[in-house]
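Peer 1: Pasting a structure here, questions to come.
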Amino acid sequence: MYNTSCALSTLSSLAAATILRFPGCCLLSSKAPISVAQLHCSNNIIAIRTLCRRPMTSISTASRATSPEPENLKPWLLVGLGNPGKRYSGTRHNVGFELVDFIAEAEGIPMSSISFKSCFGRGSIGNVPVMLAKPQTFMNASGESVGAIVSYYKIPLKQVVVIFDDMDLPFAKLRLLPKGGHGGHNGMRSIMTHLKGSRDFPRLRIGIGRPPGKMEAANFVLRPFTKDERVELDFTFQIGLEAVRILVHEGFDKSATFVNSAKSLEHFS
């Protein structure tokens, strides 16, 4: 049974940590900021999900002031992996798409254009230029899109962040790594191939858990999330958004420390 009080406590902790790191940052209601204290006042699971799905505001003025000026920066490329089409929408394999959409909404970056075989958006996080991409080539050919973007804009690989689902992580757990192999993930395999075999780019893995019983992995990744899983995942997206903000402004090490030590709701059952 999902523990609502624990979920509220975790959201409050995340909100408090965010406010301490970025004093100008808050969780948003439809019309006014919501304080940490107000988060304890709701006992409705629908209300909790609504709060979580609404992204936090952009980073504080103080953090922006410490960042280099945008003209001195190459853009970051944030890539979410998934499959196009309604059939795959909301499935476990598309969780990378969903986090990119979450980031785009939070930072006001439109994803309305189709470029490089992807849904594509350009904007900034604070004063750091970013590009968001959701390859529309189907998962196994994701590298066709990513390789073309990286080549055209000459983006350093250390600023290419790939966001994707991972069955080897517990559900809703995040892990940020500076490099690595494809781990059997076909989307990552394709990207590495189109980056001339390089594995030296960051990746943000989102845990989707293991298939139950004897279910085939191929069937499991195309399953939708349950309602309770959705609530859990919404907390994860907030952490992922915060991790990306820290990454582009303060560097990989600080972001990895934040995301790799952040508590998910996996222990609350």
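The values are calculated or read from the model by the stated rules, or taken from the named source; none is laboratory data. Because the structure is predicted, anything quoted here is derived from the model rather than measured. Using ideal geometry, Cβ is built from the backbone for each residue, glycine included, and neighbour counts are taken over all protein chains shown. Each accessible area value is taken on the protein alone, full model and side chains, heavy atoms only, with ligands, DNA and RNA left out. Shrake-Rupley method; radii C 1.70, N 1.55, O 1.52, S 1.80 Å.
Peer 1: Once ligands and nucleic acids are excluded and a 1.4 Å probe is used, how much of D253 is accessible, expressed in Å² to the nearest 10?
Peer 2: 120
Peer 1: Using 7 Å Cα-to-Cβ label points, what is the N140/D253 separation (nm, one decimal)?
Peer 2: 4.2
Peer 1: Where does each of 83-90, 125-132, 187-194, 112-119 land if you order them by average Cβ count within 10 Å, highest first?
Peer 2: The densest-packed peptide leads the list: 187-194, 125-132, 112-119, 83-90.
Peer 1: HN-Hα J couplings of region 240-250 from phi, Karplus 6.51/-1.76/1.60, θ = phi - 60°, integer Hz, Gly and Pro as x?
Peer 2: x, 4, 4, 4, 5, 4, 5, 4, 6, 9, 10
Peer 1: A further question follows. Relative contact order for region 144-252: what is it in percent, counting Cα pairs under 8 Å that are at least 6 residues apart?
Peer 2: 32
Peer 1: Run down the lysines and flag those whose C-alpha is under 24 Å from the C-alpha of K74, throwing out any fewer than 8 positions away in its chain.
Peer 2: K117, K134, K154, K158, K179, K196, K254
Peer 1: For a label point 7 Å from the Cα of Y152 along Cα→C-beta, name the residues of region 105-130 whose backbone N is under 11 Å from it.
Peer 2: Taking a point 7 Å out along Cα→Cβ of Y152, the residues of region 105-130 whose backbone N falls under 11 Å are 114-121.
Peer 1: How much length would be gained if the chain were fully extended between S113 and N219, taking 0.36 nm per residue of separation minus their Cα-Cα distance, in nm to one decimal?
Peer 2: Length gained between S113 and N219: 35.1 nm.
Peer 1: Just need the relative contact order of region 211-266 here, percent rounded to a whole number, with Cα pairs under 8 Å and 6+ apart.
Peer 2: 29
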